[in-house]
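Here is the structure we will look at, set down as structure tokens.
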Amino acid sequence: MFRSPSVSVARIVFVVATATFAVLAGRELYASIKVASISIVAERIERGDTVADDVTARYASRTIDMIEGHYCRSDVVAPGVTLVLAELDRQNVNLDYDAWATAASSARSYLRYALSCMPTNSNFWLRLAAVQSVIAEEPQSIAGMMKRSVALAPYDESMILTRFYFWNDFTDATLSAAKRALDSDLTAMLKLGDRCRVNAAIKEISPQLRPTFDSAWESVGTGATARFQQRCSK
């Protein structure tokens, strides 16, 4: 009588684990290869290099593969954000509404996906709020996004100055709905921001933002604001 050879549980676990890791590694490698060209184009856009409209459109359309493939690595997701926003920026709602609407919808969908992967990214929340504001002004929704952006990066100067650009463009209703977050941003900017960068940002303040800005300016006091009277070298 012969005893059938037994296979240890440890060996089975090892084989299964090895196969799983191999599949995951293959998937990550595939994602890296797939996004490589998208990353190159995104880097050119971020550097301010000239990128042809058809190139931007072609690579922006490929971001749908990122969503369908459920690729959530930051180095895969972030270039897609740059591309969908660039594609939206190049559209003119007055010249081709359908193309603009498609780009806006795609940008919103991709940013929602990006945030499902990276929910603590302050910049993504800001960009989603900005995109939503051009699609339809929904004060409570946009305010909620801006509040998250502020909460995630309350003292990051670059983020504060970028948010100021959008605060300056929002409606009274949105500014009112996000008043606490807006006050926090203005206070941090006036107290802690680089004098020259802040001076450049506040050269033009919209009528709807002006009352809140003036209130913040008075609130922080002359001890904080006196420095803005000094000239900045060009």
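For segment 110-203, the calculated P(r) over all alpha carbon pairs, in 5 Å bins from 0 to the bin holding the longest distance, is 3, 15, 27, 24, 19, 9, 3, 0 percent.
The ranking of Ile202, Ile135 from fewest to most other beta carbons within 10 Å of each one's beta carbon is Ile135, Ile202.
Counting only alpha carbon atoms, the long axis of helix 139-152 and the longest principal axis of the chain meet at about 80°.
Counting other Cβ atoms within 10 Å as a rough exposure proxy, the listed residues Met189, Met159, Met146 run Met159, Met189, Met146 from fewest neighbours to most. Applying 0.36 nm per residue to the separation of Phe228 and Asp183 and subtracting their alpha-carbon distance, the gain on full extension is 14.3 nm. Mean-square fluctuation check for the chain, GNM, Cα pairs under 10 Å: which of Cys72, Cys196, Cys117 is largest? Maximum fluctuation in the GNM of the chain, among the listed residues, is at Cys196. Helical runs assigned H by DSSP (4 residues or longer) give the chain a calculated mean residue ellipticity at 222 nm of -23500 deg cm²/dmol, each run adding -39500 (n - 2.57) before division by the residue total. Shown here is the pair-distance distribution of the chain: with all Cα-Cα distances grouped in 5 Å bins from zero up to the longest one, the shares run 1, 6, 12, 13, 14, 13, 11, 9, 6, 4, 3, 2, 2, 1, 1, 1, 0, 0, 0, 0 percent. Where in segment 102-126 is the amide nitrogen less than 19 Å from a point lying 7 Å along the Cα-to-Cβ axis of Cys72? Residues 109-125 qualify, since their backbone N sits under 19 Å from the label point. Taken about its Cα centre, the chain carries a charge dipole of roughly 840 debye when the Cβ of each Lys and Arg holds +1 and the Cβ of each Asp and Glu holds -1.
What you get for segment 31-119, charging only the Cβ of Lys and Arg (+1) and of Asp and Glu (-1), is a dipole of about 280 debye around the Cα centre. The trypsin sites (Lys or Arg not before Pro) of segment 163-194 include none that DSSP puts in a loop with a beta carbon having at most 11 other beta carbons within 10 Å.
Could you state, as a whole-number percent, how many of the C-alpha pairs of segment 31-119 are farther apart than 20 Å? The calculated P(r) of segment 31-119 puts 30 percent of pairs beyond 20 Å.
None of the figures in this text is laboratory data; all of them are computed from the coordinates on show. Not measured: the values here are computed from a predicted model. A quick note on method: Cβ atoms are made from the backbone with ideal geometry, for glycine too, and the neighbour counts reach across all protein chains shown.
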